[in-house]
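Below: the structure, in structure tokens.
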Amino acid sequence: MFALRDIKLQYGDLKVLEHFNLDCEGQQFICLFGPSGTGKTSILNILAGIIMPCSGQVTSESRRLAYVFQEPRLLPWLTVVENLQIGLYSLGLPARERRQRVESLLPVLGLDGFGGYYPEQLSGGMRQRVSIGRAYAIEPDLLLLDEPFSGLDEQIKRDMQELLLSLGQWHACTTVMVTHDLGEAVRLSDRIVVLRGRPCQIVTDLYLEPGERYRASYVQHMEKILSAALNPLEAEALI
């Protein structure tokens, strides 16, 4: 699906990435996990083509990319339905097909009955549901998520995690998500890439068993591995 090869990203004397490599084959849900300032969002932005690395090679088979930010970034003068349809205009879909796709998406988002509401009439969690739905509406093959649940309380965050799993059944795609939440990474991921340092290094590349994500003992064990991953010697003992 994509490959980052020998990537270098530097701002003045600040080395963010150097000789950085990351590959993804097929459809995976990848979480980038690590301390703030490591370069996780920079990796997303390189994948999105928002920033260009100083050197290295970026290859991607993605033809349709969607990006969800920490803030919903909805257009306040448009309704929920109109916000969800924004990306569909660039696909050249006729009005009827745009409407049908959004109507099929509303119940998955838990927004049945709210299609005519404006963003200011929605809670923070509902606005983020619209933002995520807008990304899925175009049926991307690569979805980038930059801490989309960081400003939400714990119960709403759990609901949003379940929403992502449901949307993955509605439309399967490769997903790369930045998170600082250990439990979130385990509950959502097929693969967790643990990053640290400056320039950024991959210290652990962990593949999970999605079928085990609801087993408490498995989640706790994976969380211990991730906690220890910033100390490679401890991580090796736990894996």
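If you place +1 on the Cβ of every Lys and Arg and -1 on the Cβ of every Asp and Glu, how big does the dipole about the Cα centre of segment 1-47 come out, in debye to the nearest 20?
100 debye
How high is the relative contact order of the chain? Use alpha-carbon pairs under 8 Å, at least six apart in sequence, and give a whole percent.
Value for the chain: 26 percent.
How far is helix 80-89 tilted, in degrees, relative to the longest principal axis of the Cα atoms in the chain, given as a value from 0 to 90 rounded to the nearest 10?
The helix 80-89 is inclined about 70 degrees to the chain.
Can you pull the three principal axis extents for the Cα set of segment 2-73, in Å, largest first?
Principal extents (largest minus smallest coordinate, Cα): 34, 28, 21 Å.
Calculate the dipole size of the chain relative to its Cα centre from +1 charges on Lys and Arg beta carbons and -1 charges on Asp and Glu beta carbons; express the result in debye to the nearest 20.
Rounded to the nearest 20 debye, it is 460 debye.
Measure nothing but the geometry: give the 0 to 90° angle between the long axis through the Cα atoms of 216-228 and the longest principal axis through the Cα atoms of the chain, rounded to 10°.
50 degrees
Just to be sure I understand: if I project the alpha-carbon convex hull of segment 112-158 onto a plane and average over all orientations, what area do I get in nm²?
Orientation-averaged projected area of the Cα hull: 4.1 nm².
On the first, second and third principal axes, largest extent first, how far apart are the outermost C-alpha atoms of the chain in Å?
Per principal axis, max minus min of the Cα coordinates gives 55, 43, 31 Å.
If Lys and Arg each add +1 and Asp and Glu each add -1, what is the summed charge of the other residues whose beta carbon sits under 11 Å from the beta carbon of Arg158?
In short, -4.
Excluding ligands and nucleic acids, what accessible area in Å² is computed for Tyr89 using a 1.4 Å probe, to the nearest 10?
Accessible surface of Tyr89 is approximately 130 Å².
Suppose every K and R has +1 on its Cβ and every D and E has -1 on its Cβ; what is the size of the dipole of segment 155-219 about the Cα centre, in Debye to the nearest 20?
Roughly 200 debye for segment 155-219.
Solvent-accessible area per residue for the chain at a 1.4 Å probe radius, Å²?
Normalised by residue count, the accessible surface of the chain is 48 Å².
So how do Glu18, Glu147 rank on accessible area, 1.4 Å probe, biggest first, that is with the largest at the start?
Order by accessible area, largest first: Glu18, Glu147.
Find how much the distance from Gln155 to Gln28 grows on full extension, using 0.36 nm per residue of separation minus their present alpha carbon separation; answer in nm with one decimal.
Between Gln155 and Gln28, full extension yields 43.2 nm more.
With r defined as the distance between the Cβ atoms of Tyr89 and Arg63 and R0 fixed at 22 Å, what FRET efficiency is calculated, to the nearest 0.05?
It comes to 0.80.
Using a cut-off of under 16 Å, list every residue of segment 51-80 whose amide N is near the label point 7 Å from the Cα of Tyr118 along the Cα-to-beta-carbon line.
74-80
To the nearest 10 square angstrom, what accessible area does Val58 show with a 1.4 Å probe?
In the full protein context, Val58 sits at about 60 Å².
How big is the accessible area of Phe29 in square angstrom, nearest 10, if you roll a 1.4 angstrom probe over the protein chains?
The accessible area of Phe29 comes to roughly 20 Å².
Rank these residues by their accessible area, most exposed first, probe 1.4 Å: Arg64, Arg198, Arg187.
Descending accessible area places them as Arg198, Arg64, Arg187.
Pick out, from Gln28, Val80, Gly151, the residue whose Cα sits farthest towards the positive end of the charge dipole of segment 25-177, with +1 on the Cβ of Lys and Arg and -1 on the Cβ of Asp and Glu.
Towards the positive end, the residue furthest out is Val80.
Carbon and sulfur atoms: what percent of the 1.4 Å accessible area of segment 1-99 do they account for?
Answer for segment 1-99 is 50 percent, counting heavy atoms of protein chains only.
Expressed as an acute angle from 0 to 90° and rounded to the nearest 10, what is the orientation of the C-alpha long axis of helix 95-109 relative to the principal long axis of the chain?
Compared with the principal axis, the helix lies near 60 degrees.
The values are calculated or read from the model by the stated rules, or taken from the named source; none is laboratory data. Note that this is a predicted model, so its numbers are computed, not measured. Positions of Cβ are generated from backbone atoms using ideal geometry, with glycine treated the same way; all protein chains shown enter the neighbour counts. Accessible surface is based on the protein model in full, side chains and every heavy atom, while ligands, DNA and RNA are left aside. Shrake-Rupley method; radii C 1.70, N 1.55, O 1.52, S 1.80 Å.
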